[in-house]
Protein chains: 2
Amino acid sequence: MTSQAQVRTGKGEGETVGVALLGFGTVGAEVYRLLGENSEAFTHRIGGPAEIRGIAVHNKNKQRPGVPAELLTDDAKSLVLRDDIDLVVEVIGGIDYPRELVLTALNAGKSVVTANKALVAAHADELAEAAENSAVDLYFEAAVAAAIPVVGMLRRSLAGDQIQRISGIVNGTTNFILDAMESTGASYEDALAEATRLGYAEADPTADVEGHDAASKAAIMASLGFHTRVKFEDVHCEGISTITADDIEAAQEAGYSIKLLAICEHLVNEETGEESVNARVHPTLVPQEHPLASVNKSFNAIFVEAEAAGELMFYGNGAGGNPTASAVLGDLVGASRNIIHGGRAPGENAYANLPLADFGDVRTCFHINMEVADRTGVLAAISNVFADHDVSLRTVRQEDGESTARLIVVTHSAQERVLDAIVTKLGELDDVKAVNSVIRLGA
Amino acid sequence: MTSQAQVRTGKGEGETVGVALLGFGTVGAEVYRLLGENSEAFTHRIGGPAEIRGIAVHNKNKQRPGVPAELLTDDAKSLVLRDDIDLVVEVIGGIDYPRELVLTALNAGKSVVTANKALVAAHADELAEAAENSAVDLYFEAAVAAAIPVVGMLRRSLAGDQIQRISGIVNGTTNFILDAMESTGASYEDALAEATRLGYAEADPTADVEGHDAASKAAIMASLGFHTRVKFEDVHCEGISTITADDIEAAQEAGYSIKLLAICEHLVNEETGEESVNARVHPTLVPQEHPLASVNKSFNAIFVEAEAAGELMFYGNGAGGNPTASAVLGDLVGASRNIIHGGRAPGENAYANLPLADFGDVRTCFHINMEVADRTGVLAAISNVFADHDVSLRTVRQEDGESTARLIVVTHSAQERVLDAIVTKLGELDDVKAVNSVIRLGA
């Protein structure tokens, strides 16, 4: 699946790289400011000046202090196609409109730096192909966890290793909410309200709390880590909106923190040797002694297990204008160097082309919180359901209530499809009043 | 200081990259094994096969199971110069001999991957120049903290940011010893003996325990982070052999862990605006709530503060055959891609060329542990010494002993030269029986 690389000649040392900036929100404004303030440093690091020659905005008449009016345009497409533009920086957001602009740029032989996780997670294949056909670069470090260099690590640093598993806290909003619930005992609703008040959650928090944002990042990490095209829609995704204060408390008592993890796994069937990949996002019980458990507030962290490197963890601010601008500007230096000196970024390489595992086949341990009748024989009946499905139990904890008891069961590793069958069966037992929650163990 | 980049044409997609492996110790053997076992993955990731065509060893008659005898040679220089060698991987160690071989390779137009921190810390300038003159690459990710991608992060990911400070636990042996002292109360001697027994310390532990190994890494990190040539001999270096169980206990009581940190700082004089850089290695009191404080056993972690990215931390195994091989192989993929496709690695770029700060000018807070006479007026006399030097105190803690008292003083930020003067003065006071230890605060 490696394609014919075209020869690319650099503009030459000292030449100027013409940059088009698409979007001037928080990130775009920071990119503009930092590039201006540190222009001499950028010139040295690139081998020639990088000059922003146009900024595409929705409303070009809006006042933007410190930005010359003649740089602003509302015609992004014409800007991208201008002869004096070598590099396009896309920080608009959304999918369809930036996709069109990025493809236009790549097809016109301009390298692209994007911070757009949704775009990359949905259309990495056609973007990579367009970059390859034009022998230009597509960089997207900022698409995953801002300045935490996850993309660079997977694409370059670990390029000589075999990655087995990636598990990351890649959404700051949900980590803030879960951390607040854990440290204050707040309900999900109250913690979300506090996150909104403090600006950690958007007015419509759906993309964050339902795990969609994390799923885009999981798709990107799995694609890079396993050299296999994994798209947003391939990621099994569950958010945190069903997590209750009771779940958090039960987890704490059992020695766990609940984190929304993006998990990417390279699976090898023990019997057949068949390989597959899996990417998923769901609330996960992380043992309190695991490094990911102590990642609090809105911080992000990515934990990687590789054959030779062993365990690595990367930690930092995973969002925000400045950290995202740092990642965009790091990519801008890389792409600009290649424009000056020739050469190409490490390509999108999906050679392994592994099949996606059926989610029902994925194995995890489960923490099941039930309300059961408080009488003899209940535990036996429940244990039988697990035994009938060949799933063994790690721990069983029963707390007596008034008329009912709370029963918490942690299983050994079991397949998702088996667990589904078990939960259905448990629900049919007269003595099981409710299955309050089923949360996976991980990390 | 950017130099003329030469045009470099790739060998072309599908061509084989001929590799010479210099050294076949733990790392070399792992590089050989992993490259062989995953050869198909490497071919895809590079764009053509990477083939080890010769291995330079000290004794070519020694049995090396699984290695064809015809690959072995004891004439490293001839191997490096062979026409069928494109890339040289140096994992010998030492300085003078590998320096000669690496320079020979670079001057002959071969790219080099090295894991040799001592070599890079001593001779980065001439190696970078040789690489530049031949338009080939010099990669050295494995020289700092093995598979933790510190070099890639500083060279590439943060290339668009301004790094302010790097503080890292970059030596596993000393971290193992300090962690053992902290968790068991053992003396330095006993903890070192245990580290030696378990293979964490070498028979001659000098390079580790005196901080020389960490100082090489500090030099490399400061050079990359501040775009300024910092050599091993520029690094102020103090080891851990003087740390006592008493120091560890006093630190714990005050809420600190003692860690051997490599600290690289970009300093800006508040009055003149003059910039300078400083790199140093010394035992450091790290607040227990700081992420570096919980890095235990032989793990490494590097904490970076940058203008836009904010705080980042990278954590993992910083040593060992496998993690080091992972870093070497990541570099091998990068260097080989450039051999196939053309293009160059991000160069060694020392354009900023900042002066080194005089160590006496460097400011830190100090934790001073004294044995003093147990009588009135002592505290006043001691306080006066600090006041006379314009240094204010953060905390003072006195514990009465039998005839003497232990006095622990933590200062606010003060210059090294001022602290030196204070310690001299304190030693001259009749009532100060001994200055037991002076340890800097940091991280």
Considering only residues that are surrounded by fewer than 24 Cβ atoms within 10 Å (Cβ to Cβ) and either within 23 Å of residue A:147 (Cα to Cα) or in contact (Cβ under 8 Å) with a residue 40 or more places away in the chain (or both), which ones fall in segment A:197-208? A:198, A:199, A:200, A:201, A:202, A:205, A:207
Across segment B:210-237, which residue is most open to solvent (accessible area, probe 1.4 Å) among those that are among the acidic types (Asp, Glu) and out of contact with any Leu (no Cβ under 9 Å at 6 or more places or on another chain)? B:233
Quickly run through segment A:15-29 and pick out the residues that are over 19 Å from residue A:143 (Cα atoms) and either touching a His at 6+ places or on another chain (Cβ under 9 Å) or not in a loop (DSSP other than H, G, I, E, B) (or both). A:17, A:18, A:19
Within segment A:158-177, is there a residue that is touching a residue at least 60 places away in the same chain (Cβ under 8 Å), at the interface with another protein chain (Cβ under 10 Å from one of its Cβ atoms) and in a helix (DSSP H, G or I)? no
Counting only residues in segment A:37-52 that are among the small types (Gly, Ala, Ser) and out of contact with any strand residue (DSSP E or B) (no Cβ under 7 Å at 6 or more places or on another chain), the one most open to solvent (accessible area, probe 1.4 Å) is identified as A:39
Kindly indicate whether residue A:280 is more than 15 Å from the chain's Cα centre (by Cα) and among the basic types (Lys, Arg). no
Among the residues of segment B:401-426, count how many are among the acidic types (Asp, Glu) and in contact with a strand residue (DSSP E or B) (Cβ under 8 Å, 6 or more places away or on another chain). 1
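Matching residues to (1) in the same structural domain as residue A:285 (by the TED database); (2) without any contact (Cβ under 8 Å) to a residue 60 or more places away in the chain; (3) in a loop (DSSP other than H, G, I, E, B); (4) open to solvent by less than 50 Å² (accessible area, probe 1.4 Å):
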site	(1), (2), (3), (4)
A:296	yes, no, yes, no
A:303	yes, no, no, yes
A:375	no, yes, yes, no
A:379	no, yes, no, no
Just to verify a result, which residue in segment B:316-373, among those that are in a loop (DSSP other than H, G, I, E, B) and within 7 Å of chain A (Cβ to nearest Cβ), is farthest from residue A:304 (Cα to Cα)? B:351
In this structure, does residue B:102 turn out to be β-branched (Val, Ile, Thr), without any contact (Cβ under 8 Å) to a residue 60 or more places away in the chain, out of contact with any Lys or Arg (no Cβ under 8 Å at 6 or more places or on another chain) and buried (at least 24 other Cβ atoms within 10 Å of the Cβ)? yes
Kindly evaluate residue B:272 against the criterion of being without any contact (Cβ under 8 Å) to a residue 12 or more places away in the chain, open to solvent by 10 Å² or more (accessible area, probe 1.4 Å) and either within 11 Å of chain A (Cβ to nearest Cβ) or farther than 30 Å from residue B:190 by Cβ (or both). yes
The conditions are (1) over 19 Å from the mean Cα position of the chain (by Cα); (2) not assigned by the TED database to the domain that holds residue B:22, and residue B:329 fails exactly one of them. Which is it? (2)
Quickly run through segment B:53-65 and pick out the residues that are touching a residue at least 12 places away in the same chain (Cβ under 8 Å) and open to solvent by 20 Å² or more (accessible area, probe 1.4 Å). B:53, B:58, B:59, B:60, B:64
What helices (runs of 4 or more DSSP H) completely inside segment B:201-292 contain at least 3 residues that are modelled with pLDDT under 95? B:245-253
Restricting segment B:107-145 to residues that are at pLDDT 95 or above and at positive phi, which is surrounded by the most Cβ atoms within 10 Å (Cβ to Cβ)? B:145
Matching residues, segment A:130-173, being touching a Pro at 6+ places or on another chain (Cβ under 9 Å) and among the polar types (S, T, N, Q): A:157, A:173
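The values are calculated or read from the model by the stated rules, or taken from the named source; none is laboratory data. None of the values given here were measured: they were computed from a predicted structure. Every residue, glycine among them, receives a Cβ derived from its backbone with ideal geometry; neighbour counts consider all protein chains shown. The accessibility values were calculated without ligands, DNA or RNA, using every heavy atom of the protein model including side chains. Shrake-Rupley method; radii C 1.70, N 1.55, O 1.52, S 1.80 Å.
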